[in-house]
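**Student:** Before I ask anything, let me first share the structure, which is written out below as structure tokens.
The values are calculated or read from the model by the stated rules, or taken from the named source; none is laboratory data. These numbers were taken from a predicted model, which means no experiment stands behind them. Don't worry about glycine lacking a Cβ; one is built from the backbone with ideal geometry, like all the others, and counts go over all protein chains shown.
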Amino acid sequence: MSKTLSSDSLPESQNSKLISSVPFRDRFVIFSILAIVTILCWIYLIDMARDMDKMSMSSMSMMHHWDTNYFIAILMMWVIMMIGMMIPTAIPMILIYAAISRKAEKQGTAIPSTTIFALGYVVMWSLFSVGATMAQWGLDEAALLSPMMVANSPVLGATILMLAGIYQMTPMKDSCLKHCRMPAEYLSQSWRPGKWGAFVMGFEHGAFCIGCCWILMGLLFFGGVMSLLWIAGITLFVLIEKVAPLGRKPGLVSGIILIVAAIYVLIPWV
């Protein structure tokens with residue numbers, strides 16, 4: 001298979017056809033594995049949230065000592081949370097890669113397994129988790145987070161909401177979202193051969209997803225890093241943005257809502 005596939009051969013309208021071209025057995029296996037990974041991540045998050053609910057505020061305060069062990073624990077929390085949130089939204093992209101692999105195999109071209117492609121995606125989000133952990137550390141040290149990992153400053157909360165609202169309406173958001181909504185076009189234009197190529201494509205696609213969603217993840221600092229309702233709400237919204245046939249409407253509407261919410265939060269303190 002050539003390094004660059006014809007973009008005309010894989011238009012956005014053919015995404016569903018590509019996915020349906022994957023044999024049912026393969027689709028079932030891929031979906032089952034991704035579903036199991038997602039469920040395990042959510043079991044971890046639910047268990048951790050319950051443990052936090054049972055702790056007293058004094059106990060939570062005592063835990064907030066940023067030594068190496070605590071940093072690693074928070075990093076693992078972020079990694080598992082990002083995998084649990086983003087894997088469901090990446091299922092169409094992963095199935096499309098599997099479809100292209102199947103077509104290449106029929107033509108006698110060896111294509112690395114879908115696992116390698118998905119691994120690149122997960123690694124990119126794991127790197128994002130390092131940044132999120134550093135951000136939490138900084139906010140915690142500045143006494144801007146409560147023991148329950150929620151912004152305790154109205155100014156910080158309003159700033160996060162405002163930045164998220166503005167970013168939802170920027171050209172950069174549009175560009176990154178286009179890649180997330182059109183994985184077939186991305187793969188056709190950015191194809192790389194070999195195992196390393198598969199990893200890099202997954203890694204790059206993860207970067208586009210981060211460009212699309214990074215500030216939405218920042219909203220966790222407003223609603224609660226371990227708030228299951230907040231986590232589920234953001235996950236659902238990201239999924240709608242990526243797969244629903246609504247174009248830019250969700251982003252524009254959410255941007256306006258977030259800006260209004262920021263003003264609402266800030267007004268009593270002005």
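**Student:** Show the residue pairs that are 6+ apart or on different chains and have beta-carbon atoms under 8 Å apart, the first residue being within the range 19-30 and touching a residue at least 24 places away in the same chain (Cβ under 8 Å), the second being outside any helix (DSSP H, G or I).
**Tutor:** Close Cβ pairs (under 8 Å, with a partner that is outside any helix (DSSP H, G or I)) amount to I30/V22.
**Student:** Is one or more of the residues making up the range 148-165 of a type in the set (A, V, I, L, M), in a loop (DSSP other than H, G, I, E, B) and at positive phi? Steps first, answer last, please.
**Tutor:** As a first pass, look at the range 148-165 and keep what is of a type in the set (A, V, I, L, M): 148-151, 155-156, 158, 160-164.
With the extra rule that they be in a loop (DSSP other than H, G, I, E, B), the set shrinks to 148-150.
Going one step further and asking which of them are at positive phi, we end up with 149.
Yes, the conditions are met somewhere in the range 148-165.
**Student:** Looking at L18, L5, can you tell me which residue is assigned to a loop (DSSP other than H, G, I, E, B) and at pLDDT below 90? Outline the logic, then answer.
**Tutor:** Details: L18 fails: assigned to a loop (DSSP other than H, G, I, E, B).
Exactly one residue qualifies, and that residue is L5.
**Student:** Regarding I72, is this residue more than 18 Å from the chain's Cα centre (by Cα) and assigned to a helix (DSSP H, G or I)? Step through it out loud before you land on a result.
**Tutor:** Numbers: more than 18 Å from the chain's Cα centre (by Cα): yes; assigned to a helix (DSSP H, G or I): yes.
It is true that I72 is more than 18 Å from the chain's Cα centre (by Cα) and assigned to a helix (DSSP H, G or I).
**Student:** Would you confirm whether any residue within the range 245-256 is assigned to a helix (DSSP H, G or I), buried (at least 18 other Cβ atoms within 10 Å of the Cβ), aliphatic (A, V, I, L, M) and touching a residue at least 12 places away in the same chain (Cβ under 8 Å)?
**Tutor:** no
**Student:** List the pairs whose first member sits in the range 179-200 and is of a type in the set (A, V, I, L, M, F, W, C), whose second member is in a loop (DSSP other than H, G, I, E, B), and whose Cβ atoms are under 6 Å apart, counting only residues at least 6 apart or on separate chains?
**Tutor:** Matching pairs, first to second residue: A184/L10; W191/K3; W191/T4; W191/L5; A198/P112; V200/R192.
**Student:** Looking only at the range 184-206, count every residue that is part of a helix (DSSP H, G or I), more than 19 Å from the chain's Cα centre (by Cα) and hydroxyl-bearing (S, T, Y) and tell me the total.
**Tutor:** Number of matching residues: 1.
**Student:** Go through (1) in a loop (DSSP other than H, G, I, E, B); (2) at pLDDT 95 or above for M82 and report which single condition fails.
**Tutor:** (1)
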